[in-house]
């Protein structure tokens, strides 16, 4: 593909470049902010109830009634975490991600742990959301179940491309489906509850299970609780994204987070109650929410609409990570803990490298875990709760240090949050350890160690390049040599070029066959452009040996003396023709690259066909 | 591994470099010439009889008696081909390979067909010989049968390394085993025949089969004959290798070829007779020659010695191709039909590229065909007989053209050879087509087409680069720019370097953030080495756009005006650290490489740790 065609394809997919001075116009209103930043948390109601039921069903369908008290515990947890995070928003209007907050208050290692945990969770958010979104589709259209892995990967690809276009357009694109999801879930919960009470929606598949069963172990209940904690993932997205809001940023973000908490608790409790009331049992080919919706709406158009908007909000949830992952990577790159490439904005004011890596890793996870939500869940949430705990512990430290107005109750609120989320984190780590959490618990310290090694490297390089205490170097001198193997138009151009660099430029020829030397010298008289031709004899037919000896001889001229080797190189019109020509130039460059004070310059001669 | 350690390893494996002026001392005597160049033909007695029997046995063991008349026909064919080739040697003392001879007399396309056929057959010679050699070993040591594929590959690797050391040492290394093979086969045939007549070697496994059976189709007999023609492969090696002999080259080669013919016919007929007389039937795990030897020598030390020398001569046969393949590739490269890399001699006066490719392809074939001689045989021989036919037809044309002394009987002799080998070629192509010969018949025209395309490309490039009719270009002018993104020790070095190229060198900075520009300008006053700093603004944060615009602006200076972009680049001490740094330099080089009159020069700054 030509360069122009590639550029056009890029414009069609990701849009035209956006100038830097327009950066401010890409901000979020409260309404679009809710659509973009809270979809991760809200969408988890599509699978959180199911994950609780899936654990409990191991003890028989009678154990499913435990879902109600577990859901209440999780609702309380949501309330605590949301209240705690609203304080973070006010304290860190420039963006209070767990990485920044923990680094500020608990030190660099804590910040890096939070950062590593969040990076992992962002990847999992994309994978889990795509898997759950496609599960909503295959619940409605079972014929597609067989293709779910590729549908998941396709969904991730679509979201990646949308994000390469930039965040405001993503907001516009997804605002409508978010609100449709909220409305349709409310309708389903309210209509379903009323229908059950006033008996206008038909017989439920099972009767509700009687509560208070014996024989269900504490460990199983805790595992079910841990599984349900997936409902909390994404709550932190709002506080991470404060600077993306329109001014006043902190106030807008804080209001959006309160809305989010209220909606999340209502929907989660409502869905869990209906699942309990309808006696729903989790199935492999149909999600719990799909079963509820099918029962409430009777499998008609409304049912399909619910599945569609469920899929859309889950894609939007994946989208949240596409805003957060590159932003966190940017902070880490700015602080030189990860490669600097993540610090570059693309020409659409988005962090293209982060987006591409996130999409790639999520697609990989989906392929490895065969697109199954349930298989991915044990890896999820651990990281989120590590970052919750660190972030809120940080806030406690902050209030204790600053002691501003109302510091004691603020510290108490964040302290309660930290204690509860810390406890949940331990519960999740223990109960899900063997189901996959160990992978994340192994990955986090590995990432932290890598971050620290890279940081040390960058510090070292900066020190070596620093001009502080650098003695001004003596003037540099330069000998220019053209390495020739023949004399043709490309060589003539290279000689001319060398002569613009230094009037004393010389040509060097390595002799392997005296007959060839004689023929070259004949041509040289006419086409050598007046440059002297130095013939170095090579009894072993090696090109490099005699050249290196000659360079060493020249470098005795002085300490800051450079030898420039000009290499005539003809560039074929088509790339594959390159292999038909001697790779001598490449070989010479490779060998000279690491030699001190030798600089190799290719002079390309472009062939036309 | 360090460069020094690599060089030492290379010296241990392939020996010290040999200077060009010693080239003449690497020549072959008649005795070593027979060892090196006739082993391919001689070694085929180790499997040719077996291949005949394997075809005949399909019609029942009673059909095996047809092996005798078939063997006589093949012996006659050998006599004709050898006589014919002795004329080629005298006519082409500089090396009468089928490629050179056919190109000279029948034109380029015929030469390329012969060349393609021979290249393929050289690869097959290595593969078949290695497979048959390892079969000799596994016949004696059946426990190794399971590992035969890897033993084959290992054998090819050993022969490749020996050849990278150079041809004279190969001759010395293998002369003893060749003569041991000839002697041991003679002893086996004579002792076996006498033993059978005078009854001192025990009862044969079967009685000889009565001749003259009905019901064996002509097609089967022709297929058996085709299979046995594998005995002729390698006969051409002597005429290809004439220049490798000591002077008088042609006379020595001609004598060696006569010896070869006589020995080959005797051994082949003797072995086939013994197989017939002992009533031997081919088996999967033991070769026919092994069965004969076991019967003659009774399974003692002599038997094992025969198997060992059989393996050694087969490795030497593979070795013949390692002399011929690179030599033919050299001719093709010299005539610009294949990439020029094949025209380079390595530092041991051998054609290293050809050796490596031959060894690699043969190893690949052995893996694909599971190291089975019988599976490889149908691909073999077709190519050889195509080149026989072309080579001898060429000789007929030559005699008719030159009409020297005795031209008419010489033409008749070569004509008979051409007619017979042409007929055999058709027989092989038809009878073995579906068993694998089709692969070769498809590959030959494909290779010929590739050769012609490459030739056209090289001609075109030579035309474009030719100085004939080239108007001396106007004097070149040059603007030197240093592209800077920051100011550190590496940049200071690059500025100094640019100033040696042109006192008017300027630095260029692409502004994406005015604050950074301000900081840079502050540093510039102290460390800018007096070079002017040009700031190009980039509203879209693209580095390349503004740079390309500026270059275009500069190039309006004139037709032969070049812009040199000096890129400061720091080289980390360890290669993997490279990925931790911005790949901007690489990106810029990639984009500027194909722009006319722009030359990019890296100035490396080597970090210490």
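The values are calculated or read from the model by the stated rules, or taken from the named source; none is laboratory data. Since this is a predicted model, take the numbers as computed values, not measurements. Cβ sites come from the backbone with ideal geometry, for glycine too, and all protein chains shown count toward neighbours.
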Subject >> Answer residue from region B:537-567, given it is assigned to a strand (DSSP E or B) and closer than 19 Å to residue B:512 by Cα and is modelled with the lowest pLDDT among those >> reply: B:537
**OP:** Taking residue B:71 as meeting all but one of (1) part of a helix (DSSP H, G or I); (2) surrounded by fewer than 20 Cβ atoms within 10 Å (Cβ to Cβ), write down the number of the exception.
**Re:** (2)
Subject >> residue B:203 at pLDDT below 90 and in a loop (DSSP other than H, G, I, E, B) >> reply: yes
Subject >> Residues satisfying the stated conditions in region B:597-608, i.e. in a loop (DSSP other than H, G, I, E, B) and either more than 7 Å from chain A (Cβ to nearest Cβ) or touching a strand residue (DSSP E or B) at 6+ places or on another chain (Cβ under 9 Å) (or both) >> reply: B:597, B:607
Subject >> Those residues of region B:544-560 which are touching a residue at least 12 places away in the same chain (Cβ under 8 Å) and at the interface with chain A (Cβ under 10 Å from one of its Cβ atoms), in sequence order >> reply: B:560
**OP:** For residue A:184, state whether it is part of a helix (DSSP H, G or I) and buried (at least 24 other Cβ atoms within 10 Å of the Cβ).
**Re:** no
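Quick grid of which residues meet (1) within 14 Å of another protein chain (Cβ to nearest Cβ); (2) at pLDDT 85 or above; (3) surrounded by fewer than 21 Cβ atoms within 10 Å (Cβ to Cβ):
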site: A:5; (1), (2), (3): no, no, yes
site: A:10; (1), (2), (3): yes, no, yes
site: A:17; (1), (2), (3): yes, no, yes
site: A:22; (1), (2), (3): yes, no, yes
site: A:29; (1), (2), (3): no, yes, yes
site: A:38; (1), (2), (3): no, no, no
site: A:42; (1), (2), (3): no, yes, no
site: A:52; (1), (2), (3): no, yes, no
site: A:56; (1), (2), (3): no, yes, no
**OP:** Could you please find all residues in region A:90-117 being part of a loop (DSSP other than H, G, I, E, B), farther than 21 Å from residue A:404 by Cβ and at pLDDT below 90?
**Re:** A:97
**OP:** Might you check whether a residue that is closer than 19 Å to residue B:190 by Cα and assigned to a helix (DSSP H, G or I) occurs anywhere in region B:233-244?
**Re:** no
Original post:
Out of curiosity, is residue A:266 at pLDDT 90 or above, within 27 Å of residue A:176 (Cα to Cα) and part of a helix (DSSP H, G or I)?
Top reply: yes
Subject >> region A:513-528, subset in contact with a helix residue (DSSP H, G or I) (Cβ under 9 Å, 6 or more places away or on another chain) and either exposed (fewer than 14 other Cβ atoms within 10 Å of the Cβ) or more than 10 Å from every other protein chain (Cβ to nearest Cβ) (or both), residue farthest from residue A:600 (Cα to Cα) >> reply: A:513
Original post:
Can you find a residue in region B:139-152 that is crowded, with 19+ Cβ neighbours inside 10 Å, in contact (Cβ under 8 Å) with a residue 60 or more places away in the chain and over 15 Å from residue B:371 (Cβ atoms)?
Top reply: yes
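Residue-wise test of (1) in contact with a strand residue (DSSP E or B) (Cβ under 6 Å, 6 or more places away or on another chain); (2) farther than 28 Å from residue A:53 by Cβ; (3) modelled with pLDDT under 80.
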{"site": "A:342", "(1), (2), (3)": "no, yes, yes"}
{"site": "A:346", "(1), (2), (3)": "no, yes, yes"}
{"site": "A:349", "(1), (2), (3)": "no, yes, yes"}
{"site": "A:357", "(1), (2), (3)": "no, yes, no"}
{"site": "A:365", "(1), (2), (3)": "no, no, no"}
{"site": "A:369", "(1), (2), (3)": "no, no, no"}
{"site": "A:382", "(1), (2), (3)": "no, no, no"}
Original post:
Just a yes or no: is a residue in region B:582-596 in contact (Cβ under 8 Å) with a residue 60 or more places away in the chain, more than 9 Å from every other protein chain (Cβ to nearest Cβ) and closer than 30 Å to residue A:499 by Cβ?
Top reply: yes
**OP:** Return the residue satisfying two criteria in turn: it lies in region A:443-485 and is under 30 Å from residue A:510 (Cβ atoms) and either free of Cβ contacts under 8 Å to residues at least 60 places away in the same chain or out of contact with any helix residue (DSSP H, G or I) (no Cβ under 6 Å at 6 or more places or on another chain) (or both), and of such residues it is nearest to the other protein chains (Cβ to nearest Cβ).
**Re:** A:477
**OP:** Report the residue count in region A:282-291 for those that are surrounded by fewer than 23 Cβ atoms within 10 Å (Cβ to Cβ) and not in a loop (DSSP other than H, G, I, E, B).
**Re:** 1
Original post:
Looking only at region A:567-581, which residues are touching a residue at least 12 places away in the same chain (Cβ under 8 Å) and more than 9 Å from chain B (Cβ to nearest Cβ)?
Top reply: A:567, A:568, A:569, A:573
Subject >> Of all residues making up region A:379-409, the number that are outside any loop (DSSP other than H, G, I, E, B) and surrounded by fewer than 24 Cβ atoms within 10 Å (Cβ to Cβ) >> reply: 11
Original post:
Any residue at all in region A:501-512 that is in a helix (DSSP H, G or I), modelled with pLDDT of 85 or more, more than 12 Å from chain B (Cβ to nearest Cβ) and surrounded by 15 or more Cβ atoms within 10 Å (Cβ to Cβ)?
Top reply: no
